[in-house]
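Scroll down for the structure; my scribbles are underneath it.
The values are calculated or read from the model by the stated rules, or taken from the named source; none is laboratory data. None of the values given here were measured: they were computed from a predicted structure. Glycine also receives a Cβ, built like all others from the backbone with ideal geometry; neighbour counts cover every protein chain displayed. In case anyone asks, the SASA skips ligands and DNA or RNA and just uses the protein heavy atoms, side chains included. Shrake-Rupley method; radii C 1.70, N 1.55, O 1.52, S 1.80 Å.
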Amino acid sequence: TESDRRTVFIALTVISLVGTVLFFLIRKQEDIKAGEENPANEIPGDNSSAQNKMTRALAAFKKSIKLSFTKEIMLLSVTTAYTGLELTFFSGVYGTCIGAVNRFGSEAKSLIGLSGIFIGVGEILGGGIFGLLSKKSRFGRNPVVMLGVVVHFLAFYLIFLNMPNDAPIAPMEGTDDTAYMIPSKNVAIFCSFLLGLGDSCFNTQLLSILGFLYSEDSAPAFAIFKFVQSICAAVAYFYSNYFLLQWQLLIMVVVGFFGTITFFLVEWKAAAALAARGSDYSSI
């Protein structure tokens, strides 16, 4: 209802504003130390600090452009592109598909919310297992990424069997078509969980390898990561209004396959460099 939508948007707006204000209150440790050591250097109305920040921002932007053409970033960009495509799919397209299936009956629209909950459960479970416990792994990041792509491909296959092909572009009245099996609510929600779990596998390992490879240039590296991911998410939102479900799944399978291969190449190179220095792989 309109009142429910208004309540949700007001709550989200208040939370986002509070979070933004708290974010601005955070001060870097080095800024605090610099202020304590040189309190006399702070002159009211001095624009040198602002100019210095602009210079640093411009330098970071130039470094991001230069970094984007390195071999490692270009390889990881394929993996990042996949995360953008599947982010659009599980956050927008898949819920639309579930709500458009008339064979789910009167519960079709309510299943959209339930799907989002199980995506979140998969994200939390994957983030907890592969994020918090990754330091105990001696096998590196490749097994986690392999698990992520297998989980996603399983989800795509089940969605292909369970969801009508015209579900993403169905009219407001929904679709009465069927795929290769009678649409199952349990399978649909299970696929939501798999989508969230697989996404957490990719994101935790991508953030981990970027932080390891570019510990000194973390800001430009993560800027490139978010830029590529957001661009691909926008592209996926555009074609999702025109492509049938099978073609959208095929695009993600192809990009996901090559993205996994490119991630493996970067990880093997990182592991070889670590071994050459005589460090333990589990220290990554």
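Of note:
- Conditions (1) out of contact with any Phe, Trp or Tyr (no Cβ under 7 Å at 6 or more places or on another chain); (2) more than 16 Å from Gly140 (Cα to Cα); (3) surrounded by fewer than 17 Cβ atoms within 10 Å (Cβ to Cβ); number of the one not met by Leu194: (3)
- Against the conditions (1) β-branched (Val, Ile, Thr); (2) over 30 Å from Lys269 (Cα atoms); (3) open to solvent by 40 Å² or more (accessible area, probe 1.4 Å); (4) in a helix (DSSP H, G or I), Thr178 satisfies every one except (4).
- Near pairs, Cβ below 6 angstrom, 6+ apart or cross-chain, from region 59-80 (within 23 Å of Thr260 (Cα to Cα)) to any residue that is hydroxyl-bearing (Ser, Thr, Tyr) and surrounded by 13 or more Cβ atoms within 10 Å (Cβ to Cβ): Leu75/Thr262; Val78/Thr262; Thr79/Thr262
- Of the residues Gln205, Gln229, Gln246, the single one that is under 21 Å from Asn162 (Cα atoms), touching a residue at least 12 places away in the same chain (Cβ under 8 Å), part of a helix (DSSP H, G or I) and not β-branched (Val, Ile, Thr) is Gln246.
- Residue-level analysis places Glu36 among those that are more than 37 Å from the chain's Cα centre (by Cα), modelled with pLDDT under 65 and assigned to a helix (DSSP H, G or I).
- Cross-chain or 6+ apart pairs with Cβ under 6 Å, region 90-119 first and among the polar types (S, T, N, Q), then not in a helix (DSSP H, G or I): Asn102/Gly174; Asn102/Asp176
- With respect to the stated conditions, Phe222 is open to solvent by 60 Å² or more (accessible area, probe 1.4 Å), under 29 Å from Lys66 (Cα atoms), within 17 Å of the chain's Cα centre (by Cα) and at pLDDT below 95.
- When region 150-175 is filtered for residues that are hydrophobic (A, V, I, L, M, F, W, C), open to solvent by 20 Å² or more (accessible area, probe 1.4 Å) and either within 16 Å of Leu250 (Cα to Cα) or touching a helix residue (DSSP H, G or I) at 6+ places or on another chain (Cβ under 8 Å) (or both), the ones remaining, listed by number, are Val150, Phe153, Leu154, Leu158, Phe160, Leu161, Ala170.
- Residue count for region 75-119, restricted to those that are of a type in the set (D, E, K, R), touching a helix residue (DSSP H, G or I) at 6+ places or on another chain (Cβ under 9 Å) and either part of a strand (DSSP E or B) or open to solvent by 10 Å² or more (accessible area, probe 1.4 Å) (or both): 2
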